[in-house]
Amino acid sequence: KIEAMALKAEASDLESRPLRDHQRTFNAAEWSLTDLWSFCLRYPGRPHRAKPRNFTLNFESSRQQGLNRMPYVLTLPSPIVTEAQHRYPLVLYMHSAGSTDICKGDVLSRQLLFVAQENPACVFGERGLDSITGGFIGLAPCCPPNMAAVSEAAPKAHRRHKVYWFKTCDTCSYSNWDFSASARVEQVEACVVELLAYVCEVLPIDQQRIYFVGSSCGGYAVFRLGELVPEVPAAIVSLAGYYPEIPGHDHDIDRLVDRIRNVPKVWPLHCERDKLCRMDLPHVSKLYQRLREKMGVDVQLVDHGIARGSQSNYHSSHNYVMTYPDRFFQMLLTASRPKPPPANYLRHKVLEILAPPIPVSAVPPPP
C-alpha cells in the first residue's frame, strides 16, 4: 500500500508538469533516466487518462566542462514489455535548423517545444497513435543555438555564431550556403555520442536496430553522426539533407561515403522542387552522386504535393513520414546490423572526438 501511494505521488508530480499545449508529453527534467524508466515500468496509468508517452529530460556530460548539458525528448514504448530480456529499437531524431532562432527568453522550454512538435515519434506519441510508434524508443536531442551555449571560452567574435549541429558559422553564410568559414564543433559531436551511449546503457536498447533520422540540417547531422560512429546505425535517413565540405575540419564527402559504406540502409529522401535546399547545390548534388557511385544508393524523390509545406518552398520532405507513417516505420524498422557494436564502442568514440589533434610533425613516417 505504501508503494502504491508513493507511485501515485510520483505520477501526480510528473503529470502536473505537461509541456505547453500537450497532454501526453511531460517535463521530467528533475528525474534521472534510470528513475523515469523504473517509474514507467511500474506505473499502470490512470482510468480515463492518457498514459504519458513523451518526456523532456536533461543529459549531463561527465566528459566536458563547456557543453556539459543537453536537453532531449524521450518517447517510450506503449505498452512497455516488462520481461527483462526484451529489447527495443531506438530511433534517434535530429531536428532542423529552426531552433537556432531560439536564443532569448526561456530558451530551454522553447527548444524542447520546438523539438516535440517536429519529431515524428513525439508527435505520434502525443496523438496516441501507439500502433505506429509504440514498438520503439524515440530519442531527440536539442542542438545548442549558438557558440556561447557551447563554450564560455569561445572568442567574443564567434559567440553569436549559430550552431548547426556539428558545424558553426554566421547566419548570413548559412543562408547563402557558404561554408568556407565554417568550423567543426567537436563539443556537440561528443555530447550527442555520449548521450547515445548513456541511453543505450540505461534503457533496454536493441543495439542491432538503432536508426538515425534527421530533417534538413538534421539530415546533414545524421550523415555526420553516422560517420563518427559507423558501427552503430542500422539505417541513416536524411530528409531534404545535405553535407558541406569544410577543408581542415574533417568534412569531406568522399571520406563520409567511405566511412558509412557498411551501414545496412542509407535512405535519402528529397523533393526535386526544393527551393531552400536545392538538389543542384554542390553540398547536395555531390553527396547524392557519391552515394550512387560508391554505394548504389539512389535518392527517393518525395512528391511535391507532400513536400510543399506551409511556405511553399518544397523543403518539407519530412512530411513523407507524417503522411505515410506506417509505410515509413515498417521499412525503417526492418533494417538491422548483423552484430552490435563492440563493448564500450560509443564511450571510446567520445574520447576520440575530444582528443587533441596530433601535430603533423608527430606522426611517424610510413615504414
For this session: Quickly run through segment 150-182 and pick out the residues that are open to solvent by 30 Å² or more (accessible area, probe 1.4 Å) and at pLDDT 85 or above.
Result: HIS161, ASP170, THR171, CYS172, TYR174, SER175, ASN176, TRP177, ASP178, SER180, ALA181
Exercise. What are the pairs, 6+ residues apart or on separate chains, where a residue within segment 252-266 that is free of Cβ contacts under 8 Å to residues at least 60 places away in the same chain has its Cβ under 6 Å from a residue that is open to solvent by 10 Å² or more (accessible area, probe 1.4 Å) and not in a helix (DSSP H, G or I)?
Worked result: ASP252/GLU245; ILE253/GLU245; ARG259/PRO230; ILE260/PRO230; VAL266/VAL297
Problem set entry | Odd one out for TYR288, checked against (1) in contact with a helix residue (DSSP H, G or I) (Cβ under 9 Å, 6 or more places away or on another chain); (2) open to solvent by less than 60 Å² (accessible area, probe 1.4 Å); (3) over 23 Å from GLY98 (Cβ atoms) | (1)
Problem set entry | Filter result for the condition that a residue is small (Gly, Ala, Ser), touching a residue at least 60 places away in the same chain (Cβ under 8 Å) and open to solvent by 40 Å² or more (accessible area, probe 1.4 Å), over GLY135, GLY128 | GLY135
Exercise. Can you spot a residue in segment 101-112 that is over 30 Å from PRO356 (Cβ atoms), at pLDDT below 85, β-branched (Val, Ile, Thr) and surrounded by fewer than 23 Cβ atoms within 10 Å (Cβ to Cβ)?
Worked result: yes
For this session: Considering (1) modelled with pLDDT of 95 or more; (2) open to solvent by 10 Å² or more (accessible area, probe 1.4 Å), say which one TYR242 fails and leave the rest.
Result: (2)
Exercise. Do any residues in segment 30-45 that are in a loop (DSSP other than H, G, I, E, B) have Cβ atoms under 6 Å from those of residues that are open to solvent by 20 Å² or more (accessible area, probe 1.4 Å), where the two are at least six apart or on different chains, and which pairs are they?
Worked result: GLY45/LYS51
Exercise. Are any of the residues in segment 210-231 open to solvent by 10 Å² or more (accessible area, probe 1.4 Å), hydrophobic (A, V, I, L, M, F, W, C) and either under 24 Å from GLN330 (Cβ atoms) or out of contact with any Pro (no Cβ under 7 Å at 6 or more places or on another chain) (or both)?
Worked result: yes
Exercise. Given the residues GLU272, GLU227, which is the only one that is under 16 Å from the mean Cα position of the chain (by Cα), over 24 Å from VAL73 (Cβ atoms) and touching a residue at least 12 places away in the same chain (Cβ under 8 Å)?
Worked result: GLU227
Exercise. Out of curiosity, is ILE306 touching a Gly at 6+ places or on another chain (Cβ under 8 Å), surrounded by 15 or more Cβ atoms within 10 Å (Cβ to Cβ) and at pLDDT 95 or above?
Worked result: no
Problem set entry | Every residue from segment 36-77 that is modelled with pLDDT under 90, of a type in the set (Ser, Thr, Tyr) and open to solvent by 30 Å² or more (accessible area, probe 1.4 Å) | SER62
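Conditions (1) among the hydroxyl-bearing types (Ser, Thr, Tyr); (2) closer than 30 Å to GLN85 by Cβ; (3) under 20 Å from the mean Cα position of the chain (by Cα), marked per residue:
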| position | (1), (2), (3) |
| --- | --- |
| GLN207 | no, yes, yes |
| ILE210 | no, yes, yes |
| GLY214 | no, no, yes |
| GLY218 | no, no, yes |
| ILE236 | no, yes, yes |
| GLY241 | no, no, yes |
| ARG255 | no, no, no |
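The values are calculated or read from the model by the stated rules, or taken from the named source; none is laboratory data. Since the structure is predicted, the reported quantities are computational estimates derived from the model, not experimental observations. FYI the Cβ positions are ideal-geometry reconstructions off the backbone, even for glycines, and counts take in every protein chain you see. The accessibility values were calculated without ligands, DNA or RNA, using every heavy atom of the protein model including side chains. Shrake-Rupley method; radii C 1.70, N 1.55, O 1.52, S 1.80 Å.
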